[in-house]
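Below is one structure, written out as structure tokens; the observations come after it.
Read-outs throughout are calculated quantities, based only on the coordinates presented, and are distinct from any laboratory measurement. Remember, it's a predicted structure, so these values are computed and weren't measured experimentally. Glycine gets a Cβ as well: all are built from the backbone with ideal geometry, and neighbour counts include every protein chain shown.
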Amino acid sequence: MLRSSKIDRILGVMKDKRKTRNVGVLAHIDHGKTTLTDLLLAEAGLIPYELAGKIRVLDYLEEEQRRGITIKTANISLLHKIYGEEYVINLVDTPGHVDFTGRVTRALRAIDGAIVIVDAVEEVMAQTEVVTRQALEERVKPILFINKVDRLINELKMSIEEIRGKVSRIIQSFNSLIDAYSEPQFRDHWKVSLFKGNVVIGSALHKWGLTAKMSEKKGIKFNDIIKTYKSGDVENLQEEIPLSKAILEMVVENLPDPVRAQEYRIPKIWSGDIDSEIGRAMVRCDPSGPVAIYVTSVKCFSKEGLVATGRIFSGEISAGDRVYLLNAGLESTISSVSVYMGALRENVPSLESGNIVALSGFRSITAGETIIDVEFKDRMVPFEKIMQISEPVITVSIEPKDPKDFPRLRDALNLLSLEDPSFLVSINEETGEYLLSGMGELHVDIALKTLKEYEPSLEVIVSKPIVSYRESIRKAGAPVTAFSPNGLNQVSIEVEPSKSGKLRDNEQPIYVGSNNNILVSLVDTGLTKEDLDAIIEGFKWACRFGPLCGEPLIDIKARIIDMHLSRNPEERGYAQLTPAVKKAIHESILKAGPVLLEPIYSIQITAPAEQIGAITNILAKRRGKISSIYSRDSIFVIEGFIPVAESMNLADELRSASSGRSFWQCRFSRWEAVSADIIPKLLTSLRARKGLPA
């Protein structure tokens, strides 16, 4: 990629925050995000115009190029002149595949506005709704680009009235999402329409775009576009109404600068005191305030080590600055400050609030970290935790071919979890293997290829992907009393479902874990800290490996109803209390009648009418349930649910059955009880896989 020769001008414009826009590109997979991004880069003079849509600049990973999808969020700063003034647009291109939803969520924290792309043929799809909802929940203002209008003209041969109806329906559907997911104070203001100037219709492939304002200014009507296609003079459209200019004008005119945006975004995304010195500085986007940066992603580079990308909400960061990592509790010195230009970065002396920055110099840092001025480390509240839409449900075990390479594998997996916290890395305590869990097959596949990038010479053995399950209960279990191994301590526990999340008047919460698992006590025995830690460890142990087949527990409340401990502290501790607590919880669960839960995907498939029969047969064979089938002009949309276990190799089967003409998207929906007809075989298989007795 060409290095920018405009970096000094970009830095100059960035000083005027009114002329900065932090913008993301969001869409369902294959709706045109990367093609549009290339056009915007061409408009800024960073790539040849004729290569836009082919060069895929922000898809700089070999795997992205091969698959034709965007996997990682990439960033670039564009310089654009409009109405005689220059603006800097910090552009983030985000993944469209649902397996990478976590990366989209983190990227949203860095931006204030989003270009949402919708395919004119497929209309608003499942992932369109997911990313739009995520944006609105982060108070990121959306604008709309209706892409692939050329297909309505060339392939579907629609009349002008039919195209108008199609566009109107897409706008109405998009506004329905804003109605459903935005807050009341933004709802009406953020709705889109052609007349507001926050909708572009066009074709990224053919590089033209039209807004109502451009139509009026240039005297171009949609009938003229149809006539141009019929005459074959599409290049004339590129010159008359270039898509890049239409999009960039819409961005500048309709999306907020960081000063305006932070005024209403900070109270939403940060839970600290808005009236504090730090709070006021972030709300004002004050470059003179204390440094406050939210880290959205982390990447390891061979020469520089860990490089963190994030949004500067206040202050000015410079090379050599001492900063504090709030979650890690570490001080660091910034080695370099840089601006992303796709796959490359330009080092700069410093960067002010309101911008997206890349920083190096960290021994350890993870996505989601809050970087603060050292002097304010005791006065800063970390940013609120971002809620992930999905959760890891596919797991592989990994071990090195040569046992002496275990430390190398461990370090590579640690880097992977720093870069993408949506991966879960754990150790199989029975076998010593590392377990890597991701959102789906593609997510895990990409992780394994990333490990190869980190350690090219490291040879590993990888198991076939396995599905994660959960164990739970539907009703309360009977009280169970368990003794410690030395017989000198006893604890009585009963379990019940915790879905309501409510505690009774006499319940004292001791520990709230993941998966809505809660430990409460009804007794006051004056526990020491070591006793309490040992009891909590027993609860955690019980939750990690359920009694049915060693799968994690979910939605369990364990209630300690009685406890008798030895007076001698040496006769208590971890070795005694931890196994007793675990045993009591598991036995009470078995008395309650445990259930095995499997992960369920919601699935949306689009295909021509003649493919519907074959596709529904595939879903039926895989225990899928269809909730609706409806048409959108020439295509049909199938929506339903499918167990994650049945989704393995689904892509290959759908592609073969539809001759490559169907598109689909799965996303995690819920945990659901395994049906009675398959549970005996499944339990046997799961227990055998974990070496548990039949």
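Mean sequence separation of contacting Cα pairs (under 8 Å, at least six apart), scaled by the length of the chain, corresponds to a relative contact order of 10 percent.
Taken about its Cα centre, segment 109-208 carries a charge dipole of about 220 debye when Lys and Arg each add +1 at the Cβ and Asp and Glu each add -1 at the Cβ. For segment 548-563, putting each phi into the Karplus relation 6.51 cos²θ - 1.76 cosθ + 1.60 with θ = phi - 60° gives couplings of 6, 8, x, 8, x, 7, 9, 6, 10, 10, 9, 10, 7, 9, 7, 7 Hz, in residue order, rounded to whole numbers and with x for Gly and Pro.
Near TYR574: Cβ cut-off under 11 Å, other residues only, Lys/Arg at +1 and Asp/Glu at -1. The net charge is -3. With a cut-off of 13 Å between beta carbons, the residues surrounding ILE365 carry a summed charge of -2, where Lys and Arg count +1 and Asp and Glu -1. Specify which residue in the list ILE398, VAL259, ALA358 is farthest towards the positive end of the charge dipole of the chain, using unit charges on the beta carbon of Lys, Arg (+1) and Asp, Glu (-1), about the Cα centre. After comparing all options, I get VAL259. Excluding same-chain neighbours fewer than eight residues apart, the lysines reachable from LYS377 by a Cα-Cα span under 24 Å are LYS268, LYS385. Helix 258-269 and the longest principal axis of the Cα set of the chain meet at an angle near 20°.
Exposure proxy for ASP119, ASP188, ASP378: other Cβ atoms within 10 Å of each Cβ, ordered fewest to most, give ASP378, ASP188, ASP119.
Exposure proxy ranking for SER669, SER627, based on other Cβ atoms within 10 angstrom of each Cβ and starting from the fewest, stands as SER627, SER669.
Taken over segment 396-465, the alpha-carbon convex hull comes to 79 cubic angstrom per residue.
Each Lys and Arg adds +1 at its Cβ and each Asp and Glu adds -1 at its Cβ; summed about the Cα centre, the chain shows a dipole of about 1000 debye.
Of interest is the spacing of the C-alpha centroids, which for segment 137-200 and segment 571-614 amounts to 40 Å. In the chain, the sites counted are GluC sites (Glu not before Pro) in DSSP loop states with at most 14 other Cβ atoms within 10 Å, and the longest stretch holding none of them, exclusive of the sites, is 460-694.
Relative contact order of segment 396-465, taken over Cα pairs closer than 8 Å and 6 or more residues apart, is 46 percent.
Comparing PHE668, ILE638, GLY438 along the charge dipole axis of the chain, the residue lying farthest to the positive side is ILE638, per the Cβ-charge model. Counting neighbouring Cβ atoms within 10 Å and putting the fewest first, the residues LEU415, LEU237, LEU683 line up as LEU683, LEU415, LEU237. Over segment 524-588, the hull volume per residue, using the convex hull of the C-alpha atoms, is 86 Å³. Residue pairs exceeding 28 angstrom between C-alpha atoms, taken from LYS529/LYS591; LYS299/LYS499; LYS81/LYS148; LYS17/LYS245; LYS475/LYS681; LYS33/LYS157: LYS529/LYS591; LYS299/LYS499.
Can you list the equivalent-ellipsoid semi-axes of the chain, largest first and in whole Å, using the square root of 5 times each Cα gyration tensor eigenvalue?
Ellipsoid semi-axes (Å, largest first): 47, 32, 23.
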